[in-house]
1. Could you please find all residues in segment 175-184 being hydrophobic (A, V, I, L, M, F, W, C) and either modelled with pLDDT under 90 or part of a strand (DSSP E or B) (or both)?
2. Could you please find all residues in segment 98-123 being open to solvent by 50 Å² or more (accessible area, probe 1.4 Å) and part of a loop (DSSP other than H, G, I, E, B)?
3. Looking at segment 132-150, which of its residues are buried (at least 19 other Cβ atoms within 10 Å of the Cβ) and among the β-branched types (Val, Ile, Thr)?
4. So THR187 ticks every box in (1) under 30 Å from GLN83 (Cβ atoms); (2) at pLDDT 90 or above; (3) within 31 Å of the chain's Cα centre (by Cα) but one. Which box is left unticked?
5. Can you tell me which residues in segment 155-172 are exposed (fewer than 14 other Cβ atoms within 10 Å of the Cβ) and modelled with pLDDT of 90 or more?
6. So, in segment 212-260, of the ones that are open to solvent by 50 Å² or more (accessible area, probe 1.4 Å) and outside any helix (DSSP H, G or I), which residue ends up modelled with the highest pLDDT?
7. Of the residues that make up segment 68-83, is at least one at pLDDT 85 or above and open to solvent by less than 20 Å² (accessible area, probe 1.4 Å)?
8. Quick check on segment 137-155. Is at least one of its residues within 16 Å of VAL188 (Cα to Cα), under 32 Å from the mean Cα position of the chain (by Cα) and not in a strand (DSSP E or B)?
Amino acid sequence: MIENIRLAFRGILSHKMRSFLTMLGIIIGIAAIIAIVSTIKGTNEQIKMNLVGSGSSNVQVMLYQGDWTYETEYNGVPEGVPQMTESILEELRSIKNVSDVASYYYREVYEGVSYLTTSLSGGYIYGIDTNYLSLCGYTVMEGRAITQRDIDQKLKVAVLDKESANTLFAGEDAVGKTIEIKGEPFTVIGVVEEMNSYEPTINSVEDYYTYSYSYGSKVYIPESAWAIVYNFDEPQNVVLKVNSVDDMTDVGKAAAEILNSYVTSEDDTLTYKAIDLMEQAKEIQQLSEATNRMLLFIAGISLLVGGIGVMNIMLVSVTERTSEIGLKKAIGARKGKLMHQFLTEAAVLTSIGGIFGVVVGIVLAQVISRISETPVAISIPAALLAVVFSMFIGILFGLLPARKAANLDPVEALRRE
């Protein structure tokens, strides 16, 4: 085998231009496949990030009425929906791949939060526990977060996100000042900012409703102070921190099933559902699969053309080396040895083309990314598979020339000299 590889390299180097032109079809085909696969993978990751957020693997499980999240402000407090007791939260924490859980109240507010003459024209108010902010990836920029003492003593304190703080205080220090929430005074104790925050691209009304639950001005108060502003027994939602983005769908379904087991309402439209962003990402990705398959098919055709080129040049090589083959057969070389020699040469030729094709494909993918601003993600398994596949192409299309060389009559071959 080593001798065959050495002979293959010698043959390739002795006809450099011909070998390069032979490899060109393989290089183009592999480069096209690598570039396409990298672009597809990058686009899919971008879709996932656009929906899930940068590095976030949290799952929101909210109370729905039919296809819409339940609005207590308009529909009143529903019967038969349990409060999130510690035992329920512990049950949720026991779900596989869940590292933490937080419960929260939630309402969308319109001019319900104000400071002096300035109001939030839209936004969201949350009644949270002590670990909600850290679980959701917030860091304290000023002041402090909500503590267990705030909850136990039902203190009227509030934490603002960066957007609501800028809106209400226009760059002034917010900590220590008093805002009003539905006419009740709350002291601002901190300002937070979401770590690894990601702004999604919103192109439609559907996109807006998909993202609206987590983007916009936010005000956080202790969950025990919720009754001061709103009803005491309103339904709560939960957010679960999942170990991996890929586990979000399964965790969301399991959490919704647990919570629905506690719902005793006669209204069968009242159910807890996970906001399954991963499932939405998969659906969007599937829409482009037909186009992706077509692109890969076209790239595969160029590989087929490259394989035919390999077969053609190997047939020429057999013709050129007829006397060499005849001499080897005359001194006892067997058919199998000759076939291995020519198959090795074809495999080496296409493998080198495959390696060059991977390099060119990576460069091409980066160029496409810069020109079209399309994200790319290089797939190492795809690159390795491409090299192996190019070797297979060489063996497949080298069979006919190898068989021709092995079946040459030594007398006829020597006579051609």
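The values are calculated or read from the model by the stated rules, or taken from the named source; none is laboratory data. This is a predicted model, so every value here is computed, not measured. Positions of Cβ are generated from backbone atoms using ideal geometry, with glycine treated the same way; all protein chains shown enter the neighbour counts. For accessibility, only protein heavy atoms count, side chains too; no ligands or nucleic acids. Shrake-Rupley method; radii C 1.70, N 1.55, O 1.52, S 1.80 Å.
1. The answer is ILE179, ILE181.
2. Answer for segment 98-123, where residues must be open to solvent by 50 Å² or more (accessible area, probe 1.4 Å) and part of a loop (DSSP other than H, G, I, E, B): TYR110, GLU111, LEU116, THR117, SER121.
3. The one that is buried (at least 19 other Cβ atoms within 10 Å of the Cβ) and among the β-branched types (Val, Ile, Thr): ILE146.
4. Failing condition for THR187: (3).
5. none
6. LYS241
7. No, that holds for no residue.
8. There is at least one residue in segment 137-155 that is within 16 Å of VAL188 (Cα to Cα), under 32 Å from the mean Cα position of the chain (by Cα) and not in a strand (DSSP E or B).
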